[in-house]
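J.: One structure, as structure tokens, below. Some questions next.
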Amino acid sequence: MASLMLSLGSTSLLPREINKDKLKLGTSASNPFLKAKVLSFLLKPSRFEGITMAPPDPILGVSEAFKADTNGMKLNLGVGAYRTEELQPYVLNVVKKAENLMLERGDNKEYLPIEGLAAFNKATAELLFGAGHPVIKEQRVATIQGLSGTGSLRLAAALIERYFPGAKVVISSPTWGNHKNIFNDAKVPWSEYRYYDPKTIGLDFEGMIADIKEAPEGSFILLHGCAHNPTGIDPTPEQWVKIADVIQEKNHIPFFDVAYQGFASGSLDEDAASVRLFAERGMEFFVAQSYSKNLGLYAERIGAINVVCSSADAATRVKSQLKRIARPMYSNPPVHGARIVANVVGDVTMFSEWKAEMEMMAGRIKTVRQELYDSLVSKDKSGKDWSFILKQIGMFSFTGLNKAQSDNMTDKWHVYMTKDGRISLAGLSLAKCEYLADAIIDSYHNVS
Amino acid sequence: MNSILSSVLPAPEDPVLSVIFACRDDPSPVKLNLSAGTYRTEEGKPLVLDVVRRAEQQLANDLSRDKEYLPLNGLPEFNKLSTKLILGDDSPALKENRVVTTQCLSGTGSLRVGAEFLATHNKESVIFVPNPTWGNHPRIFTLAGLSVQYFRYYDPKSRGLDFKGMLEDLGAAPPGAIVVLQACAHNPTGVDPTFEQWEKIRRLVRSKSLLPFFDSAYQGFASGSLDADAQAVRMFVADGGECLIAQSYAKNMGLYGERIGSLTIVCTSEDVAKKVENQVLLVVRPMYLTPPIHGASIVATILKNSDMYNDWTIELKGMADRIISMRQQLYAALEARGTPGDWSHIIKHIGMFTFTGLSEEQVRLMAKEYHIYMTYDGRISMASLSSKTVPQLADAIHAVVTRIA
């Protein structure tokens with residue numbers, strides 16, 4: 001190495017005159033010395049040589065395969081984003097209105113505080129709990145703007161890892177694929193509670209209660225507030241009461257993932273019922289929110305983590321610790337999506353318009369469920385009970401098809417879905433329901 | 001009720017924020033906040049660039065746009081343009097397809113994603129940062145799982161670069177260690193290596209197989225020239241070796257709150273680049289899944305349109321020139337007052353910040369009696385000064401320097 005330094009001596013590898021406007025560093029072709037140096041690096045093994053390719057993301061793979069398919073009947077039911085009847089992406093009118101308003105006002109682009117836009121934080125907590133709710137009045141909720149659902153879950157996971165060392169998160173079997181990645185990366189141990197019953201294509205309620213009971217005291221129980229992803233199966237109100245009972249009994253901490261408030265039933269209040277039930281109990285719990293689906297703000301990455309505490313003082317301290325986690329991750333959150341939400345919720349007219357558009361989106365999905373069910377019932381003469389399609393709620397449905405049957409859906413019918421039998425109703429149009437019904441009936445009866 | 005959250009302790013307060021809050025709470029009508037790192041106009045107001053507003057209007061008028069999730073590594077068009085901006089259009093590394101770029105959340109996000117990638121895949125987990133460096137650097141790297149050490153950088157006696165100390169400390173670093181190098185406009189000191197010094201640093205870094213991780217938060221904002229401010233980075237990339245680069249558009253495009261930046265990893269081959277890209281996605285997915293679209297769209301719109309790009313370079317130079325003018329005015333004001341000491345470092349330093357050389361005691365007095373706020377290390381933001389406030393600052397510096405030696 002020393003000889004290398006000596007041989008370079010005072011020879012500069014770069015032109016001595018630096019033209020400020022057009023900096024040319026000299027190509028290897030023109031400077032043989034530089035060429036030798038560059039070659040020596042290219043021949044040296046990379047420090048990253050040993051890196052392996054990670055397994056492909058299962059959901060992204062579905063979209064890619066769909067794109068590559070040239071068949072005219074193809075249908076993409078893997079997509080986790082709302083589509084219109086014409087199967088196009090949808091930007092809410094009220095969002096365009098809010099963005100135009102923001103442009104007219106000429107808002108500045110200064111850094112938000114680490115905890116995010118104050119108007120957004122206030123609006124999001126009020127949407128979740130209801131404006132006059134005691135937890136808000138008593139200032140017991142620590143709310144931090146987060147990067148949509150994922151980012152909010154990650155902040156909470158980091159808080160759990162730091163302040164509840166050894167505590168476990170118990171997640172539903174199955175659950176959204178990224179939940180495990182988030183807790184793994186945050187180094188929070190997790191286990192599963194039974195949830196989906198393939199025999200009934202419904203909820204394994206007894207299994208769920210038993211597994212929650214068995215979890216070590218003080219575990220974090222991850223619950224989907226509404227429109228369970230991937231199954232579409234939600235507990236009934238009565239079942240939620242029993243879930244709250246067992247969680248309280250075991251001093252567990254509920255951890256809600258609320259990605260579909262207003263998008264599931266069409267009503268913001270109805271979809272928040274499970275969360276509010278727990279708030280009524282006076283429990284301490286976590287809620288991650290996302291505005292990706294209900295305001296169609298997927299790419300803006302806007303959500304929040306809320307921690308309901310037993311006192312205002314505890315909430316202040318928890319908020320300070322959440323900020324401490326956010327600062328070395330991204331310093332402060334992006335302003336654009338937060339302003340859109342704050343503007344929409346803060347204006348009476350826009351808020352009504354939003355509710356109407358949300359009802360429209362939820363309504364389209366319900367209509368499509370009904371149409372699919374009707375098609376299945378009229379075409380399937382076996383007497384199989386397809387009513388689970390109507391009982392399920394939200395963007396997704398577990399069809400009950402196994403992997404081989406799901407493969408048949410794709411290979412024979414060009415219907416793209418995930419291998420666990422999940423279809424996205426958001427990607428289904430009324431016009432395609434009959435075709436889909438044919439595909440499902442064929443796959444269910446003729447493939448094992 | 002059993003409360004487990006009650007035992008959570010309050011987090012210690014961020015030192016920069018505590019200064020900002022103290023200033024906020026000061027009732028004096030002449031108070032001056034020189035602590036925050038955001039550009040202000042001559043009138044003391046935040047600035048949104050004209051070209052940014054034009055880009056936003058253009059985006060709003062384009063009814064074909066939607067808000068669908070970006071790919072995990074961000075807006076492809078933005079990534080290409082951002083890499084070209086820092087490496088130069090004709091960079092061989094780009095031509096050879098051995099560059100991986102990932103849109104991230106401004107500088108912080110790019111540093112954090114890069115650090116997490118390195119913590120998993122780099123054999124050596126020690127990362128060297130300059131002493132002093134931006135306050136958030138050590139936290140970012142520590143939380144990512146790296147072990148932070150310092151190399152000498154600032155020499156308080158000369159108020160310049162401790163070049164000998166820097167080379168000694170880097171020379172003693174374990175092979176394969178990561179070295180954070182601020183590409184230009186060093187924060188907090190304002191002290192940058194000269195071109196010749198960069199060349200010596202490059203040779204040492206390469207000879208010791210250290211891995212450079214550039215933090216480029218001020219390209220174009222330091223000297224007024226995008227190319228000049230990228231010299232150090234391009235010098236390293238030109239020798240064909242590996243490096244990481246974190247870019248931010250917070251200052252040079254005034255997009256602070258939009259959180260737009262990128263992480264570039266220059267590899268030695270296309271094959272390695274593919275594997276690296278694939279693994280970087282695994283860092284991003286459980287952190288926030290995909291990055292936000294708005295800032296990326298603004299940057300891409302401006303960079304790809306030659307008229308907008310030119311207009312941007314003019315506005316950018318305007319900001320850099322105003323800061324340089326503030327430096328000259330402050331220096332002249334101190335000279336005119338015969339303030340004891342050598343103040344030439346103010347015009348030798350570059351970028352948004354300068355280490356005044358004031359002691360903590362002097363800094364506290366500045367706040368208490370003169371209502372001028374800066375961080376306790378004596379750093380001031382030149383971007384927060386105006387022709388009107390320079391005399392006030394010069395008077396205060398003169399006063400505290402003569403009152404406290």
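Rule-based calculations on the coordinates, nothing more; no lab input. All values reported here derive from a predicted model rather than from experimental measurement. All Cβ positions, even for glycine, are placed from backbone atoms using ideal geometry, and neighbour counts span all protein chains on display.
J.: Report, in deg cm²/dmol and to the nearest 500, the calculated mean residue ellipticity at 222 nm for chain B, where each DSSP H run with n ≥ 4 adds -39500 (n - 2.57) and the sum is divided by the residue count.
T.: Details: 15 runs with 181 residues, N = 405.
Estimated from H runs of four or more residues: -14000 deg cm²/dmol.
J.: When only C-alpha pairs under 8 Å and at least 6 residues apart count, what is the relative contact order of chain B, in percent? Spell out each step's value before the answer.
T.: Working: 721 pairs, mean separation 100.7, N = 405.
Contact order relative to length: 25 percent.
J.: On a C-alpha basis, how far is the centre of region A:265-334 from the centre of region B:328-399 in Å? Whole number, if you could?
T.: Comparing the Cα centres of region A:265-334 and region B:328-399, I get a distance of 43 Å.
J.: Next up: Would you list B:V283, B:V299 from fewest to most Cβ contacts within 10 Å? Intermediate results must be reported in sequence, preceding the final value.
T.: Numbers: B:V283 23, B:V299 29.
Sorted ascending by nearby Cβ count, the order is B:V283, B:V299.
J.: Further question: Please give every one of the lysines within straight-line cross-link reach of A:K391, meaning a C-alpha to C-alpha distance under 19 Å, and leave out same-chain neighbours fewer than 8 residues apart.
T.: Hits, sequence-local ones excluded: A:K199, A:K366.
J.: Starting from the Cα of B:D50, step 7 Å toward the Cβ, then list every residue of region B:303-342 with an amide N under 20 Å from that point.
T.: It comes to B:303-323, nothing else.
J.: Report the antiparallel proportion of the DSSP beta bridges in region B:108-204 as a percent, rounded to a multiple of 5. Intermediate values should be presented prior to the final figure.
T.: Working: 2 of 10 bridges.
That works out to approximately 20 percent antiparallel.
J.: Then there is this: Would you mind listing how long region B:241-324 runs along its three principal axes, going by Cα atoms, in whole Å with the largest first?
T.: Principal-axis extents of region B:241-324 (Cα, largest first): 43, 30, 26 Å.
J.: Using only DSSP helix segments of four residues or longer, with each worth -39500 (n - 2.57), what per-residue ellipticity at 222 nm results for chain A after dividing by its residue count and rounding to 500?
T.: Details: 18 runs with 211 residues, N = 448.
Rounded to the nearest 500, the figure is -14500 deg cm²/dmol.
J.: Shifting gears a bit: At a 10 Å Cβ-Cβ cut-off, how would you order B:F213, A:F164, fewest neighbours first? Display every interim value, and only then the final one.
T.: Working: B:F213 26, A:F164 19.
If I rank by nearby Cβ atoms, fewest first, I get A:F164, B:F213.
J.: Once fully extended, how much extra length lies between A:E217 and A:S378, figured as 0.36 nm per residue of separation less the alpha-carbon to alpha-carbon distance? The partial results should precede the final answer.
T.: Working: separation 161, 0.36 × 161 = 57.96 nm, distance 4.96 nm.
Going from the current span to full extension adds 53.0 nm.
J.: Okay, moving on. Simple spin-label model, 7 Å along Cα-to-Cβ: A:K122 to B:E13 in nm?
T.: A separation of 2.3 nm, rounded to one decimal place.
J.: With axes computed from alpha carbons, what is the tilt in degrees of helix A:205-214 against the longest principal axis of chain A, rounded to the nearest 10 within 0 to 90?
T.: 60 degrees
J.: By DSSP, what percent of the beta bridges with both residues in chain A are antiparallel, rounded to the nearest 5?
T.: Details: 18 of 36 bridges.
That works out to approximately 50 percent antiparallel.
J.: Taking amide H atoms as placed 1.01 Å from N in the peptide plane, list the residues 5 or more away in sequence, or in a different chain, whose amide H sits under 5 Å from that of A:F285.
T.: HN-HN under 5 Å from A:F285: A:V308.
J.: Label-point separation (nm) for A:S311 and B:T194, each offset 7 Å from Cα along Cα-to-Cβ?
T.: Result for the modelled spin labels: 6.2 nm.
J.: Next question. Residues with beta-carbon under 9 Å from that of A:R327, excluding A:R327: net charge, scoring Lys, Arg +1 and Asp, Glu -1? Write down the numbers at each step before the final one.
T.: Working: positive: A:K323, A:R324, B:R139; negative: B:D14.
Summing Lys/Arg as +1 and Asp/Glu as -1 gives +2.
J.: Could I ask something else about it? Would you mind checking which residues have amide H under 5 Å from B:Q182's amide H? H placed 1.01 Å from N; only 5 or more apart, or other chain.
T.: Result for B:Q182 returns B:D215.
J.: Rounded to the nearest 20 debye, what is the charge dipole size of region B:213-286 about its Cα centre when +1 sits on each Lys and Arg Cβ and -1 on each Asp and Glu Cβ? Write down the numbers at each step before the final one.
T.: Numbers: 6 positive and 9 negative charges, 56 e Å.
The dipole magnitude comes to about 280 debye.
J.: Pairs of Cα atoms under 8 Å, at least six residues apart: use those to get the relative contact order of region B:69-304, whole percent. Walk me through the numbers before you get to the answer.
T.: Values: 446 pairs, mean separation 73.3, N = 236.
RCO, region B:69-304: 31 percent.
J.: Please list, in chain and number order, the residues 5+ apart from A:C226 or on another chain whose amide H is under 5 Å from its amide H, with Hs placed from the backbone.
T.: Close amide H contacts, sequence-distant or interchain: A:A259, A:Y260.
J.: For chain B, find the longest principal axis of its Cα atoms and tell me its angle to the long axis of helix B:106-121, 0 to 90°, nearest 10.
T.: Compared with the principal axis, the helix lies near 50 degrees.
J.: Note down the magnitude of the dipole of region A:111-346 about its Cα centre, charges +1 on Lys and Arg C-beta and -1 on Asp and Glu C-beta and zero elsewhere, to the nearest 20 debye. Write down the numbers at each step before the final one.
T.: On the way: 23 positive and 24 negative charges, 196 e Å.
My answer is approximately 940 debye.
J.: Another question, then. Looking at the protein assembly as shown, send over the antiparallel percent of its DSSP beta bridges, to the nearest 5.
T.: Values: 35 of 72 bridges.
Of the beta bridges lying entirely in the protein assembly as shown, close to 50 percent run antiparallel.
J.: Ok, one more. In debye, nearest 20: dipole of chain A around its Cα centre with unit charges on the Cβ of K, R (+) and D, E (-)? Display every interim value, and only then the final one.
T.: On the way: 51 positive and 50 negative charges, 397 e Å.
Magnitude of the dipole: close to 1900 debye.
J.: Note down the nm distance, to one decimal, between modelled labels 7 Å out along Cα→Cβ at B:A336 and at A:K391.
T.: Each label point is offset 7 Å from its Cα along the Cβ direction, giving 8.4 nm.
J.: Right, another one. Lys and Arg at +1, Asp and Glu at -1: add these up for the other residues within a Cβ distance under 12 Å of A:Q88 and post the number. Present the calculation step by step, with values, prior to reporting the outcome.
T.: On the way: positive: A:R83; negative: A:E85, A:E86, B:D66, B:E68.
Computed value for this residue: -3.
J.: Let me ask something else about it. In nm, what is the difference between 0.36 nm times the number of residues separating A:K67 and A:R276 and their Cα-Cα distance? It would help to have the intermediate numbers written out before the result.
T.: Numbers: separation 209, 0.36 × 209 = 75.24 nm, distance 4.17 nm.
Gain on extension, A:K67 to A:R276, equals 71.1 nm.
J.: Give me a comma-separated list of calculated 3J(HN,Hα) values for region B:129-142, in order, Karplus coefficients 6.51, -1.76, 1.60 applied at θ = phi - 60°, integers in Hz, x for any Gly or Pro.
T.: Here the 3J(HN,Hα) series is 10, x, 10, x, 9, 3, x, 7, 3, x, 5, 4, 6, 5 Hz.
J.: Using Cα pairs under 8 angstrom and six or more residues apart, how large is the relative contact order of region B:174-214, in percent?
T.: On the way: 34 pairs, mean separation 28.4, N = 41.
Over region B:174-214, the number comes to 69 percent.
J.: Helix A:118-129 against the longest principal axis of chain A: what's the angle in degrees, Cα atoms only, rounded to the nearest 10?
T.: That works out to roughly 30 degrees.
J.: Which net charge results for the neighbourhood of B:S344, defined as the other residues with beta-carbon distances under 11 angstrom from its beta-carbon, given Lys and Arg at +1 and Asp and Glu at -1?
T.: On the way: positive: B:R159, B:R327, B:K348; negative: B:E335, B:D342.
After counting each charged neighbour, the total is +1.
J.: Between A:N184 and B:S28, what is the FRET efficiency for a Förster distance of 60 Å, r being their Cβ-Cβ separation, to the nearest 0.05?
T.: On the way: r = 52 Å, r/R0 = 0.86.
Efficiency at R0 = 60 Å is approximately 0.70.
J.: Which whole-percent values make up P(r) of chain A when all C-alpha to C-alpha distances are grouped in 20 Å steps starting at zero?
T.: 22, 47, 22, 8, 0
J.: Arrange the following residues from fewest to most other Cβ atoms within 10 Å of their Cβ: B:I4, A:I253.
T.: Numbers: B:I4 16, A:I253 22.
Neighbour counts put them in this order, fewest first: B:I4, A:I253.
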